[in-house]
1. Between copies, how far apart are the A:Lys4 label points? List them in nm, one decimal, shortest first, with each point 7 Å from Cα toward Cβ, please?
2. Which angle between 0 and 90 degrees, to the nearest 10, do you get for helix A:52-64 versus the longest principal axis of chain A when only C-alpha atoms count?
3. How shielded is B:65-72 by partner chains, expressed as the average number of their Cβ atoms within 10 Å of its Cβ atoms?
4. To the nearest 10 degrees, how steeply does helix B:92-104 sit against the main Cα axis of chain B, on a 0 to 90 scale?
5. For each pair in A:Lys18/B:Lys24; A:Lys46/B:Lys24; A:Lys118/B:Lys5, compute the distance between the two Cα atoms and list the pairs where it is over 18 Å.
6. Average partner chain C-beta neighbours within 10 Å, per residue of A:104-115?
7. On average, how much area does the Cα convex hull of the protein assembly as shown cover when viewed from any direction, in nm²?
8. With a cut-off of at most 10 other beta carbons within 10 Å, and DSSP calling the residue loop, which trypsin sites (Lys or Arg not before Pro) in the stretch B:1-102 qualify? Please list them.
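Throughout, read-outs are computed from the coordinates displayed, never taken from laboratory work. Just so we're clear, the structure is a prediction, and the values are computed from it rather than from any experiment. Positions of Cβ are backbone-derived with ideal geometry, glycine not excepted, and every protein chain shown enters the neighbour counts.
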There are 2 protein chains.
Amino acid sequence: MYQKKTPVQLDCGLQFFKELLNGKWKLMLVYYISKNLKRPSELQRKIPNADRRVMDKQLQELVLHGFLNKKAFDTKVPKVEYELTELGEKLLPLILTIEQWGEQNRFVLNEALEKDPKFINVI
Amino acid sequence: MYQKKTPVQLDCGLQFFKELLNGKWKLMLVYYISKNLKRPSELQRKIPNADRRVMDKQLQELVLHGFLNKKAFDTKVPKVEYELTELGEKLLPLILTIEQWGEQNRFVLNEALEKDPKFINVI
DNA sequence: ACAATTACGCATAAATTTATGCGTATCTTA
DNA sequence: TAAGATACGCATAAATTTATGCGTAATTGT
């Protein structure tokens, strides 16, 4: 398994967020789970661009870090559901704030991206 | 210069945040600049763990993306100051929310990190 | 029977971000 | 006049995160 090599700094609250929620789909996963899309397959359909294996690893980390609970039902056809923990719930205000910020400034932010040559051909 | 290869998805507001503010020190930089630490050397002293060249690139990107303005004074000893743009100001509520979340949950978040074998030896 | 669905995971490659070695230049202070 | 501060930047290495190839298993629908 992969091991971090660079020391982590946690003097500032912002850094916890970075260390724990940096994953490409993590905030979106928590968001959709809070909207009652609990099963991996549902999340998969909702976020088709997220590769299953990547999404999976991020869900695992969210569980490990205590933002989600995973319930595995031992039914004939395997069934899994995720739900927010208390810590996960506390994340929602952040997610909503960020989401709203993004939507409210969509136009300007899009221009910002377009100014950046790094993004040509990928937007 | 580096060019992105993987297409960017922008259906959701969260993704703008990710694309534009993912840098290791970006939020912290905006935060401290809002606190009136405007000069590179001041920021450097405030965040000694951030390498100058890394911090520099992140400042450049924040300027390019329209979160900061850079004022270069043509004095004998070179002098530079950054200030928040309107777009940068709009970031502050997010940053404060995230920062507070981190501080208020510091204990639990720290435990979360310690549960993760990936972090042993680096916290 | 055969395709589709549900779920999980290892190993490795590719992409992306951070870190560092090495340099430039001007001016102030001891 | 040497050390220290101010600021900037290229090239390359290292670290970290994402993406993908290849597989396993059980059950349902056609």
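1. Ordered by increasing distance: 2.5 nm.
2. Helix A:52-64 sits roughly 80 degrees off the main axis of chain A.
3. Other-chain Cβ atoms within 10 Å of each residue's Cβ, averaged: 2.
4. Helix B:92-104 and the main axis of chain B meet at about 40 degrees.
5. In this structure, A:Lys46/B:Lys24 exceed 18 Å between Cα atoms.
6. 4
7. Result: a mean projected hull area of 14.9 nm².
8. Sparse-neighbourhood loop trypsin sites (Lys or Arg not before Pro): B:Lys5, B:Lys35, B:Lys76.
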